[in-house]
Structures are given as structure tokens and as C-alpha cells.
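Input: a single structure, listed below in C-alpha cells.
The values are calculated or read from the model by the stated rules, or taken from the named source; none is laboratory data. Remember, it's a predicted structure, so these values are computed and weren't measured experimentally. Cβ coordinates were reconstructed from backbone atoms using ideal geometry, including for glycine residues, and neighbour counts include every protein chain displayed. What goes into the accessible areas is simple: the full protein's heavy atoms, side chains included, and nothing from ligands, DNA or RNA. Shrake-Rupley method; radii C 1.70, N 1.55, O 1.52, S 1.80 Å.
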Amino acid sequence: MKILVTGGAGYIGSHVVKLLGKRGYEVLVIDNLSTGHKEAVLYGNLEIVDLAGKKEINKVLKEFNPDAVMHFAAAIEVAESVENPAKYYRNNTVNTLNLLESMVDNDIKNFIFSSTAAVYGMPEKVPVKEDSPLNPINPYGQSKAFVEKILNDFDKAYDFKYISLRYFNVAGADPEGELGQSYQNATHLITRALKTAKGEYEKLYIFGTDYPTSDGTAIRDYIHVMDLAEAHILALDYLLKEKKSDIFNLGYGHGYSVKEVVETAKKVTGIDFPVEETDRRPGDPAVLIADSTKAKRVLNWKPKYDNLEFIIKTAWNWELNKKF
Ligand code: UFG
């Protein structure tokens with residue numbers, strides 16, 4: 001079984017490539033290495049390809065002729081998307097359309113899409129179910145919601161089959177210590193907290209203490225990257241077997257506040273790093289928690305690492321012993 005993985009040199013993509021490789025899938029990674037690392041590709045081959053170029057995409061699809069495409073390549077920061085929406089609509093929407101059109105042209109019609117909880121915006125009800133209305137409140141979420149709409153239309157028009165996985169807050173690192181998050185300027189809470197513990201930043205800012213939550217800080221559903229990776233393999237097998245498009249939330253169904261994450265990071269690292277409370281960050285919803293009952297029921301997803309301390313421990317281990 002041949003799988004083309006875009007963005008496979010990045011954080012989530014590289015963890016999925018490792019699982020695919022271990023399970024015997026033949027993998028080709030395409031990545032422009034704008035944020036990814038070639039050392040992160042532990043299985044299969046890597047070609048440097050940018051999804052802005054349809055010619056290049058066509059060439060790869062023709063030559064490799066995959067059974068399915070898993071699409072991770074994207075820009076992922078909510079705050080940056082508010083400041084630079086053009087980057088998000090180009091990278092995440094236009095470039096994905098390039099890929100999808102080339103797939104149809106080459107008669108490759110199985111697709112796993114990295115979507116996001118950010119498509120829900122400020123959900124009226126939490127935990128959020130897949131049929132909740134999509135009301136993204138930042139360009140990042142909107143750029144992915146557009147793709148979901150395109151996918152729905154492609155299914156109807158071209159018999160194109162896809163699974164859209166709406167990730168909640170992905171965190172942690174490969175428990176075997178081979179992979180982890182490695183961005184120049186990481187903005188995610190757990191990574192930022194651990195880098196502050198390491199002394200790479202002077203202090204950690206808590207963005208907003210006036211949210212309507214018990215301690216006033218925003219609540220997120222943090223999911224370990226390996227549980228997320230496992231769900232991709234299940235989704236792929238489901239797609240290839242059932243030949244049906246579908247959408248699944250991936251999270252644990254409960255959340256932690258920013259303050260709780262900070263306390264746990266201090267406990268795990270044993271370092272009382274400096275923290276400062278400041279204003280809300282634009283584009284941030286108060287609470288995002290997944291209802292992932294559907295993934296458990298339909299895909300038989302059985303998450304193993306639903307434990308914030310474990311998530312932070314694996315990320316800390318990676319911070320201290322990074323390979324790239
Ligand atoms: N936060 C801080 N200080 C920091 C960094 C973050 O207080 O230094 C806060 C944020 O304001 C937010 C929470 O911690 O309330 C989590 O922020 P992250 O940046 O870690 O993650 P986001 O919730 O903004 O976004 C992440 C991914 C998106 C995804 C979303 C889905 O970046 O790709 O989760 O929930 F869509």
C-alpha cells in the first residue's frame with residue numbers, strides 16, 4: 001500500500017510517517033522543509049516539493065501513484081493567521097486545492113485531511129460534536145473550513161473520498177524519543193512553557209485571565225501526538241475499506257486550563273519558571289473540548305495516553321534530548 005504524505009517532515013506528519021513505516025506501508029514524503037526537518041522522516045523517501053507548484057505535484061503523483069494521500073502540510077498558528085491571513089489562505093486553502101485538483105487529474109481519490117477544532121470557532125456546546133456549526137473566528141480555522149467545503153463538493157462531483165480529522169490541541173512527543181516538535185519559534189503553550197523552563201525564554205505569558213472559566217484562563221483538550229497518529233492509520237484503513245467520506249473529532253473529551261498546564265509543566269520539569277499574566281491573544285476561543293465518541297465508535301480508536309503529565313513528560317524528554 002503506497003501512501004503519499006505531504007508535510008511528513010513536520011511535527012504531526014513525522015509521527016504518522018513513523019507509524020506507517022512500522023506497519024509496512026510504502027511512504028513517500030513531500031515537504032518544502034519551510035518548518036519541517038529531513039531528519040524527522042524516519043521511514044520512506046523524502047522529496048522536496050512545494051504545493052504551490054501544480055507541475056511538481058503532478059509529477060510526483062504520476063511517478064509514485066499512491067493509493068492515498070495524507071495531507072499535513074499547512075501553516076498552523078492562530079495568532080499569525082490573524083496578522084497574516086494571506087499566508088494562511090494561500091498555504092492552507094489554495095495549495096490544498098492544487099493538490100486536490102492534481103489528485104483528481106491523476107485519478108487518485110483517497111485523501112486524509114488534517115483539519116482542526118478551530119473550524120468550530122466558539123462552540124455553543126462543549127464537548128463539541130462533528131455536526132456542530134462551523135463558525136471559525138480566525139483565518140487559520142477559516143482556511144481549513146474552506147477545504148472541508150471543497151472536499152464535500154469534490155466528493156459529489158468527482159467521487160473523491162476523504163476523511164477529515166479535526167484535531168484539538170496536539171501535544172507531546174514520540175514516547176520512544178525519536179521525534180518531537182521542533183519549530184524555530186514555537187508558540188504552542190506546552191512547548192513554550194518547556195522552553196521557558198529550559199531558559200530559552202525569560203518568562204511564559206498567560207494570555208487572558210478573564211475568560212468565563214473557573215480560573216479565568218482558556219481551556220483546551222490536549223491530545224498526545226501518538227494517539228492522534230494512531231487515529232490516522234485507523235482512518236486510512238477505514239477509508240480504503242469502506243470508500244466513504246467522513247469527519248471525526250480527535251481529542252480526549254476533557255480539557256485543562258492554561259494555569260493547570262503551567263502547574264503541570266512546573267511539576268514535571270521541577271522548575272518554577274517565571275510566568276506573567278497578560279491580555280488575551282486575538283483569535284482565541286475560551287473553551288475547546290472534543291466529543292470524540294464517533295472516532296471511538298466508527299474507527300475503533302482507543303487512545304492510550306490520556307494523561308497531561310505523560311504528555312508533558314514526553315515533550316520534556318524531547319526538549320532535553322532533541323535529535324533535530
Ligand atoms: N497560551 C498562553 N501562552 C502561550 C501560548 C499559549 O497563554 O505562550 C494559551 C493560548 O492563548 C490558548 C492556549 O494557551 O488559550 C493554547 O494555545 P496554543 O497556542 O497552544 O494552541 P491553540 O489552542 O491556539 O491552537 C492549537 C493549534 C491549532 C488548532 C487548535 C485547536 O495551534 O492548530 O489548537 O484547538 F487548531
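Taken over the range 246-261, the residue count meeting the criterion of being open to solvent by 40 Å² or more (accessible area, probe 1.4 Å) and in a strand (DSSP E or B) is 1.
Within the range 76-108, being touching a residue at least 60 places away in the same chain (Cβ under 8 Å) and open to solvent by 10 Å² or more (accessible area, probe 1.4 Å) holds for I76, E77, V78, A79, E80, V82.
Scanning the range 128-146 for residues that are assigned to a loop (DSSP other than H, G, I, E, B), within 12 Å of the ligand (Cβ to nearest atom) and open to solvent by 20 Å² or more (accessible area, probe 1.4 Å) turns up P136, I137.
Take E263 and decide whether it is within 22 Å of F310 (Cα to Cα), without any contact (Cβ under 8 Å) to a residue 24 or more places away in the chain and among the charged types (D, E, K, R). Considered against the rule, which asks whether it is within 22 Å of F310 (Cα to Cα), without any contact (Cβ under 8 Å) to a residue 24 or more places away in the chain and among the charged types (D, E, K, R), E263 comes out as yes.
Are any residues in the range 194-205 in contact (Cβ under 8 Å) with a residue 40 or more places away in the chain and either among the charged types (D, E, K, R) or more than 9 Å from the ligand (Cβ to nearest atom) (or both), and if so, which ones? If you could, list the steps in order and put the result at the bottom.
Within the range 194-205, the first condition is being in contact (Cβ under 8 Å) with a residue 40 or more places away in the chain, and the residues that meet it are 194-198, 202-205.
Of everything in the range 194-205, those that are in contact (Cβ under 8 Å) with a residue 40 or more places away in the chain and either among the charged types (D, E, K, R) or more than 9 Å from the ligand (Cβ to nearest atom) (or both) turn out to be L194, K195, A197, K198, E202, K203.
Quick one: is T191 within 11 Å of the ligand (Cβ to nearest atom) and surrounded by fewer than 17 Cβ atoms within 10 Å (Cβ to Cβ)? No, not satisfied. If you check Y201, Y205, Y222 for being more than 18 Å from V78 (Cα to Cα), open to solvent by 10 Å² or more (accessible area, probe 1.4 Å) and out of contact with any Pro (no Cβ under 7 Å at 6 or more places or on another chain), only one passes: Y201.
So that you can scan it fast, the table gives a plain yes or no per residue for (1) open to solvent by 60 Å² or more (accessible area, probe 1.4 Å); (2) assigned to a helix (DSSP H, G or I):
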| position | (1), (2) |
| --- | --- |
| H232 | no, yes |
| K244 | yes, no |
| E263 | yes, yes |
| D272 | yes, no |
| E276 | yes, no |
| N300 | yes, no |
| K304 | yes, no |
| F310 | yes, yes |
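Hey, any hits in the range 210-220 for a residue that's within 17 Å of the chain's Cα centre (by Cα) and within 11 Å of the ligand (Cβ to nearest atom)? The answer is yes, given that some residue of the range 210-220 is within 17 Å of the chain's Cα centre (by Cα) and within 11 Å of the ligand (Cβ to nearest atom). Yes or no: K125 among the charged types (D, E, K, R), surrounded by fewer than 16 Cβ atoms within 10 Å (Cβ to Cβ) and more than 22 Å from F72 (Cβ to Cβ)? Yes. Among (1) within 19 Å of the chain's Cα centre (by Cα); (2) farther than 25 Å from L51 by Cα; (3) within 16 Å of the ligand (Cβ to nearest atom), where does V119 come up short? The single condition V119 does not satisfy is (2).
Quick check, is Y89 part of a helix (DSSP H, G or I) and aromatic (F, W, Y)? It would help to see each step written out before you state the result.
Numbers: part of a helix (DSSP H, G or I): yes; aromatic (F, W, Y): yes.
So Y89 fits the description; yes.
Somewhere in the range 279-288, is a residue crowded, with 19+ Cβ neighbours inside 10 Å and away from the ligand (no atom under 14 Å from the Cβ)? Scanning the range 279-288 turns up no residue that is crowded, with 19+ Cβ neighbours inside 10 Å and away from the ligand (no atom under 14 Å from the Cβ).
Among residues belonging to the range 1-57 that are of a type in the set (D, E, K, R) and in a loop (DSSP other than H, G, I, E, B), point out the one that is surrounded by the fewest Cβ atoms within 10 Å (Cβ to Cβ).
Here is the first cut: in the range 1-57, the residues of a type in the set (D, E, K, R) are 2, 18, 22-23, 26, 31, 38-39, 47, 50, 54-56.
From what is left, the residues that are in a loop (DSSP other than H, G, I, E, B) are 23, 50.
Values: R23: 12, D50: 16.
The residue in question is R23.
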